[in-house]
1. With the checklist (1) within 8 Å of another protein chain (Cβ to nearest Cβ); (2) within 19 Å of the chain's Cα centre (by Cα) in hand, flag the one item residue A:298 doesn't pass.
2. Are any of the residues in the range D:207-226 within 19 Å of the chain's Cα centre (by Cα), assigned to a loop (DSSP other than H, G, I, E, B), within 8 Å of chain C (Cβ to nearest Cβ) and not hydrophobic (A, V, I, L, M, F, W, C)?
3. Looking at B:131, B:160, B:139, which one is within 18 Å of the chain's Cα centre (by Cα), open to solvent by less than 50 Å² (accessible area, probe 1.4 Å) and farther than 24 Å from residue B:328 by Cα?
4. Given the range C:244-361, what strands (runs of 3 or more DSSP E) lie entirely inside it while holding 3 or more residues that are under 30 Å from residue D:158 (Cα atoms) and open to solvent by less than 10 Å² (accessible area, probe 1.4 Å)?
5. Consider residue D:231 against the criteria (1) surrounded by fewer than 24 Cβ atoms within 10 Å (Cβ to Cβ); (2) in contact with a helix residue (DSSP H, G or I) (Cβ under 7 Å, 6 or more places away or on another chain): it satisfies all of them except one. Which criterion is unmet?
6. Of everything in the range D:3-23 that's within 9 Å of chain A (Cβ to nearest Cβ), under 17 Å from the mean Cα position of the chain (by Cα) and of a type in the set (A, V, I, L, M), which residue is most open to solvent (accessible area, probe 1.4 Å)?
7. Please work out if residue A:145 is without any contact (Cβ under 8 Å) to a residue 40 or more places away in the chain, over 22 Å from the mean Cα position of the chain (by Cα) and open to solvent by 40 Å² or more (accessible area, probe 1.4 Å).
8. Residue pairs, Cβ under 9 Å, 6 or more apart or interchain, first in the range D:247-261 and at the interface with another protein chain (Cβ under 7 Å from one of its Cβ atoms), second among the small types (Gly, Ala, Ser) and open to solvent by 40 Å² or more (accessible area, probe 1.4 Å). List them.
Number of protein chains: 4
Amino acid sequence: MANIFGKLYQISTFGESHGGGVGVVIDGCPPGIEISEEIIQKDLDRRRPGQSEIVTPRNEADACEILSGVHEGKTLGTPIAILVRNKDARPSAYDEMALKYRPSHADYTYDAKFGHRNPNGGGRSSARETIGRVAAAAIAKQVLKQLAPELEVLSWVASIKDLKGTVDPATVSSETIEGNIVRTGDPAMVEPMIELIKATRSDGNSVGGTIETVVRGCPPGLGAPVFDRLEADLAKAMLSLPATKGFEVGSGFSGTLLTGREHNDPFYLENDQIRTRTNNSGGVQGGISNGENILFRVAFKPTATIMTSQETVSSAKEETELKGKGRHDACVLPRAVPIVEAMTYLVVIDHFLRQRAQCGA
Amino acid sequence: MANIFGKLYQISTFGESHGGGVGVVIDGCPPGIEISEEIIQKDLDRRRPGQSEIVTPRNEADACEILSGVHEGKTLGTPIAILVRNKDARPSAYDEMALKYRPSHADYTYDAKFGHRNPNGGGRSSARETIGRVAAAAIAKQVLKQLAPELEVLSWVASIKDLKGTVDPATVSSETIEGNIVRTGDPAMVEPMIELIKATRSDGNSVGGTIETVVRGCPPGLGAPVFDRLEADLAKAMLSLPATKGFEVGSGFSGTLLTGREHNDPFYLENDQIRTRTNNSGGVQGGISNGENILFRVAFKPTATIMTSQETVSSAKEETELKGKGRHDACVLPRAVPIVEAMTYLVVIDHFLRQRAQCGA
Amino acid sequence: MANIFGKLYQISTFGESHGGGVGVVIDGCPPGIEISEEIIQKDLDRRRPGQSEIVTPRNEADACEILSGVHEGKTLGTPIAILVRNKDARPSAYDEMALKYRPSHADYTYDAKFGHRNPNGGGRSSARETIGRVAAAAIAKQVLKQLAPELEVLSWVASIKDLKGTVDPATVSSETIEGNIVRTGDPAMVEPMIELIKATRSDGNSVGGTIETVVRGCPPGLGAPVFDRLEADLAKAMLSLPATKGFEVGSGFSGTLLTGREHNDPFYLENDQIRTRTNNSGGVQGGISNGENILFRVAFKPTATIMTSQETVSSAKEETELKGKGRHDACVLPRAVPIVEAMTYLVVIDHFLRQRAQCGA
Amino acid sequence: MANIFGKLYQISTFGESHGGGVGVVIDGCPPGIEISEEIIQKDLDRRRPGQSEIVTPRNEADACEILSGVHEGKTLGTPIAILVRNKDARPSAYDEMALKYRPSHADYTYDAKFGHRNPNGGGRSSARETIGRVAAAAIAKQVLKQLAPELEVLSWVASIKDLKGTVDPATVSSETIEGNIVRTGDPAMVEPMIELIKATRSDGNSVGGTIETVVRGCPPGLGAPVFDRLEADLAKAMLSLPATKGFEVGSGFSGTLLTGREHNDPFYLENDQIRTRTNNSGGVQGGISNGENILFRVAFKPTATIMTSQETVSSAKEETELKGKGRHDACVLPRAVPIVEAMTYLVVIDHFLRQRAQCGA
């Protein structure tokens, strides 16, 4: 229940940071779709540690194995299980953390909920859990390539701390984003952002920021009027990621400063297609896609694990201090970009199949 | 599926703005809980139109009838169905709207999804749909009063357009909020906000704003590590409300401007209880409540229906103009306060029962 | 959860035998389907008491009201809520039953589970709960009439106690079944069965029997390989009906007496279509329909409420005796026929929409 | 969806007969429960091929690996993933079967549903899929040992073809059942049943039979009044197993031959506990356990794969003949016993947790 996402393209992730491995089971995947393992691996490589000089040096190959559900390169329509082994485990780095609660991390609340926890690498709260999501989305992407060939999801780092780029969601390209290690969409911000991350890391500190996403070519009609609004499911998907603190679609929080007259998106016709002149709605109206670009932003707080001594409490309920150890990102945003894309694909494919079920197309 | 919310305290809402009525079926309610119909009716009255001079004059009594699931004043553990009849229907006000798509409303996307729609009063996109949610939450509130007596949810209008109040979530009271027709938590903002809403309405325009919520007395341990994080379910709940564009928990978007050293919430002991010195986490860490106040904000865009002529397109695909008619709120926030509270109660009770199922308490 | 059935055509029933009413909310119904209220009412009339001389004289009109989800005679794609008011309530008939547990009825187990219950008319265990199912299925039938026009579900009374008819599932007609008040498919058994029911009622006793069902014209491909096998969902649907004790598909229990050589259904070609020479499989192989007639039987025990004094225990935990009162069926099977059909339609439409979602057709 | 079972103790199985492996992910397992891998392995060994002279000689060690969710021997409350590698693959044995549909097997319907299939070993329809169920149930058994120590599930072979044993469900022991390779509960039937299976195999034929199950020590109150009746969920669980054709609880189909007066189970008091004098109800009344032994029977058809030439059709739609190859069971019942037990444990633990969620105990 709590580890299952989606209603028709349903994924079930498993695995702790340390242990046999992490992975996912996908249930409900359409049959007969050609699947390339390289595409899965490429997306896993985009999220893995050690990929550049500004992310954690923890070096894990994250090689994925498809255990089931694919035969002669095509989906069978049966569950697709994908496993990535854990390799670079260094439990000793976590000895102190087993006894002391890291501030703003999940250590204390896991104990409060479950009565005990796997302290190594944060257990289930580790970013490694997202491997299953990325792998499942890499398959969703290949399914959608056949079912909705126009559809494309792109995410990029919009800001790191107070450094904010300028990006046109209608034209930004994968080449631009993947062409820099920060994965920002504004080439002018690459160097300043890299400098900020390096300086932050040298200081044993951390920074957060925002990631922006566009879904281009989404057909109108995806979503639902009430609880399963497209933006509601996107909000849940994004807030289910570690370190997220906020979500906004279209005009978002700044839209509250406009009047209705300024905010409304007038309809017009373009080649007999209904379009809107502005897109404050962010591509979603009444919970349902309107064919315009879907646009949203996600806020990531600064990483909790920092290399400075902090006031805290031990699991034995004694006040103490804790200084972070191990290998951690001073800024998770570059690695979060493929994860945000992944969650977007998972929401979109689910609503695509739901639309096909209820409305036949 | 799309009209069902919650996993253990599961509500299923139904009803369009015009037609036989709106309501809800609650499945999974604990048995043996005393239910007061007055408490339900009181919450329905807080959300109904016509309650004050700054909301739409559409006057509907919204009298609720419990059809099942309660016997001699106590819940049976069987489905509780609640019906509120539609009374003040004026379909004629919608004649023009049946033919022309209101900008930034759900008219066009409903047609795009379903092939047709009930144009009267917006059909399922009407705020009347939230009656079922409020009624279901009023029962949830009474259940939680027995199962977690310390727990209390309070929402208030934090801002309208650029008017922003100052409120201490730890001490703000229901009396303060319900003591003014705007439902703001800052008495100093009552008059300016009322003036703004009245001026906006006179101008045939509309405004939006933000609603802030605190959950006080929530036990630690509610939520889940991955997809069903407490904040993820709250985000979905809030974005499932009409006119919402954003959600943030704790430090939210502004937290992205801090460093980890500034943002982390140090743990300390207070009377042998684990507490945090600051609350940038907003009461949730690793997706699970930590016992501090849960704090979040929701952005509402300005109401789409305005009394000015706007460029649009007809369902016959012709460019045209449309001027709003009927009785609408120039600002939905005062009436949205009890709805935001309702969705919060629904998320909390669901996770409370889930915690009891999995962890036994 | 416990009162919701189906995954894509999802119904949520509510209501006790006595109280405001009973009904159903249907979520996920395809939009744009013409709905006739008469068809719903006709199916409700087939299950209602008082319809003939061999069923309980409790006379309830069971008039249904569609509260939402249908506009100008067509489904909107939004929830369809249907309400049937309770009218002929005689709670006084249940005074003694409120204090004493009726043997083989749900009184004791409801108390054991929920701590209390609504003793009037059996509360939620009343056959009135099935009204919501029948109404939801009457709509499903109309949807399927458009999506799979060849598909037809027919149920009939196959046996009452040791009286067993002979029926050819391939040719039996609705006219034959509805043409007699027992709803048996074998005209020769009508009189003997009526005599048996009348004699049983005169004796203050009750009898059970079996109902057989055929689904004709079901397209191949409905169902799933593992948990949601078509026969598994049918079994659950049937055992979810009051008074049922068994389910068998195709050769069923008697198939265990054959060898594989006798039991296997050889494939052959008929007009380029793959057919089987025999149908021991009952139209389902590997959990998935194969295009042959789907065939199954359901066992109904004799009604628990009898007009004879029986040994029992009171809710105050004292040994006592109880003699049934009120108006009850001496044999529920004639009225159960439309209910078994209804559950079949609900399973079939759900798998039809699931097939469309996953496999596109 | 189709490969997920349970609502609170939710299992997701994956894997084909040939490929990387088969397994399961368990979501919702209570935390802090000591888990013994040996108990899991022992149950897997009970279902594996090659365990005795009357089952298929296919020799697979079926060694399980727990990938996640258990730390220092205790459940974490996070997903428990279990993997069993496929080892003894002989795809060549299936060359002919890839082209011709085996009668009464899933080959044709898989093609009809998904458009293609994995022909090796039957793919997802292989009995190997049940490995995940058995492993998940072995953990459920250990959880229940702590939460409901009195509770015990026992299944045994009640009949093979027309050989039927006599067993007292109240006293039959695991030692008796596991003490013979047929897993019958009646020692007198061991030799005749072994002889029948051997003779059948020599003849290249197959036989079916019935398995009976008792749940002893089940607390009253498990189940639900309507769709999720305990017997409905058991029926679905059993009919979700390969080769099953029927399910009956308590008096079952033979109960339809009794009158109400004979069938009703009178209540009486035993040591202040409410008991029934007879148990035609099979331990379930109104869908809810009443504290008596839960009793049900499942019908298994004779295995479809036989070593005789049979009429069939190829996937190229040509009429042809097919003679079974490979290593198959002439009678699946001895190996099905632990699988039936497993499904029973999965249903019981799910309802146990549901009861704790809704009713607090």
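The values are calculated or read from the model by the stated rules, or taken from the named source; none is laboratory data. Note that the structure is predicted; figures quoted are calculated from it, not measured. Cβ atoms come from the backbone with ideal geometry, glycine included; neighbour counts cover every protein chain shown. What goes into the accessible areas is simple: the full protein's heavy atoms, side chains included, and nothing from ligands, DNA or RNA. Shrake-Rupley method; radii C 1.70, N 1.55, O 1.52, S 1.80 Å.
1. So residue A:298 meets the others, but not (1).
2. Taking every residue of the range D:207-226 in turn, at least one turns out to be within 19 Å of the chain's Cα centre (by Cα), assigned to a loop (DSSP other than H, G, I, E, B), within 8 Å of chain C (Cβ to nearest Cβ) and not hydrophobic (A, V, I, L, M, F, W, C).
3. Testing whether each residue is within 18 Å of the chain's Cα centre (by Cα), open to solvent by less than 50 Å² (accessible area, probe 1.4 Å) and farther than 24 Å from residue B:328 by Cα leaves just B:139.
4. Passing ranges, in order: C:244-249, C:294-300.
5. Every listed condition holds for residue D:231 apart from (1).
6. D:4
7. Criteria not met by residue A:145.
8. These pairs meet every condition: D:248/D:254.
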